[in-house]
Amino acid sequence: MERNNQTVIDILNGLVHINNDRIAGYHQASQETKAEDLEQLFTSMLNESVNFAETLAAYIKEMGGEPTVHGTATGAIHQAWLKFREALTGNDRTVLLESCEFGDQAAIEAYETALHDEAIQQHEELKGVLLRQQADIQSSLKIIQTLTPRINTTQAEQAALKLQSP
């Protein structure tokens, strides 16, 4: 196997790791939520990552590599943090959404790093696949963000709140 292929395989396996983390995270979130709308959303995003991981695994095999079946150490840490936080907050909708947002942002960053690698740049078809997957994750993130309650205050509002505090 040539060196360039091994670099691409390593990068793709990193993305498989990230998708495995998303699968585990969305599975856990779908189990934790009591809201039917979130359960359906999380299951849909879980399935999205299953498809992404399968597609990436096919490219890895085509290049003579062995696809990984594990997630990342960071993903395992995030899952432990999610469980701990859930224990403290009691399956809070906002906490679940924020945790999913965190995970999707990490996935988008991983895809961005992969897409800037020279070895990936040399494979137009693969680059297109990664761009589509990244765009889909960005769409998922936007959905999560629209569902996550935000406190949007201007500087003037923040100043007014400071004046009212004891």
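One decimal place: the segment residue 58-residue 136 gains 26.2 nm when fully extended, by the rule 0.36 nm per residue minus the C-alpha distance. Note on residue 145/residue 5: beta-carbon distance plugged into 1/(1 + (r/R0)^6) with R0 of 41 Å gives a FRET efficiency of 0.65.
Any read-out appearing in this document is the output of simple, stated calculations on the displayed coordinates, not a laboratory observation. In this text, all values refer to a predicted model and were calculated from it rather than measured experimentally. Cβ sites come from the backbone with ideal geometry, for glycine too, and all protein chains shown count toward neighbours.
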